[in-house]
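Inspection log for the structure reproduced underneath, given as structure tokens.
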Amino acid sequence: MGHRDALVPGRPHVRGDVDAPVTVVMFGDFECPYCQDAAPLVDDLVASSHGKVRLVWRHFPLFEVHPHALAAALASEAAADQGRFWEMHDALLAHGADLSAAGLVAAAREAGVGEECVVGDTAQRFRGPVEEDYAEGLAHGVEGTPVLFLNGHRYRGRVTADGLRAAVESLKLSKPLEPR
């Protein structure tokens, strides 16, 4: 499956072609406004890459500053259990200003996910993948969000469309990305 990367877990959440030569691993937090700004830029990069770039989402809930980040990560894993991770991912980022229990339920409705599984004790059974992602992030020097790695190389600076495109181009693909 695609570029082999130590940052990609055994069962990753992948957006884009699983065999893409470029893997963007994003450590993110659904309550983080910077992640909410960066996510559409990364999604656009994937969509416009003609199969050359894939996104792998990893959880890094900044629970000390974002009180609902962990619950949102658990809710996204509950949605993944129903085969709807990306629908919930998008809904959570759209609802980032309100990720209270009511906000999680609203996001679940929008994502077509059973509301009962995304809050409370039911969602707690999905802690394993979230904790694994968080530990992996810490092991790779992640301290805040978003943090992106392109084929294992840490992306530096503010996440911009031009910056992402330049970072991908610097990986020396056989055929450059075409602007969208």
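The values are calculated or read from the model by the stated rules, or taken from the named source; none is laboratory data. Just so it is clear, the structure is predicted and the values come from calculations on it, not from any experiment. Positions of Cβ are backbone-derived with ideal geometry, glycine not excepted, and every protein chain shown enters the neighbour counts. We work out accessible area using only protein heavy atoms, side chains counted, and drop any ligands, DNA or RNA first. Shrake-Rupley method; radii C 1.70, N 1.55, O 1.52, S 1.80 Å.
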Query raised in the report: What does the accessible area per residue of the stretch 20-95 come to in Å², with a 1.4 Å probe and no ligands, DNA or RNA counted?
Result: 32
Report task. Enumerate the calculated ³J(HN,Hα) couplings along the stretch 5-18 in order (Karplus 6.51 cos²θ - 1.76 cosθ + 1.60, θ = phi - 60°), each rounded to whole Hz, writing x wherever the residue is Gly or Pro. Result -> 8, 4, 7, 9, x, x, 10, x, 8, 10, 10, x, 6, 4
Query raised in the report: Which of the peptides 98-110, 15-27, 50-62, 131-143 is most tightly packed, and how do the rest follow, judged by the mean count of other Cβ atoms within 10 Å per residue?
Result: 50-62, 15-27, 98-110, 131-143
Requested in this report: Provide the three semi-axes, in whole Å and in decreasing order, of the ellipsoid equivalent to the stretch 75-180 as defined by the square roots of 5 times the Cα gyration tensor eigenvalues.
Outcome: 31, 17, 13
Report task. Could you pull out every Cys in the chain that lacks a partner Cys with its beta carbon under 4.7 Å away? Result -> C117
Report summary line: Calculated from DSSP helices alone, with each H run of at least 4 adding -39500 (n - 2.57) and the total divided by the residues of the chain, [θ]222 nm to the nearest 500 comes to -12500 deg cm²/dmol
**Report entry** Listed candidates (i) 30, 18, 13; (ii) 24, 21, 14; (iii) 27, 16, 15 - label of the one calculated as semi-axes √(5λ) of the Cα gyration tensor in Å
**Finding:** (iii)
Report summary line: Taking a ≥ b ≥ c as the square roots of the Cα gyration tensor eigenvalues, with a/c under 1.5 meaning rounded and otherwise prolate when a/b beats b/c or oblate if not, the stretch 1-63 comes out oblate
Query raised in the report: Can you give the charge dipole size of the chain about its Cα centre, rounded to the nearest 20 debye, using +1 on the beta carbon of Lys and Arg and -1 on the beta carbon of Asp and Glu?
Result: 760
Query raised in the report: Percent antiparallel among DSSP beta bridges with both residues in the stretch 1-94, to the nearest 5?
Result: 30
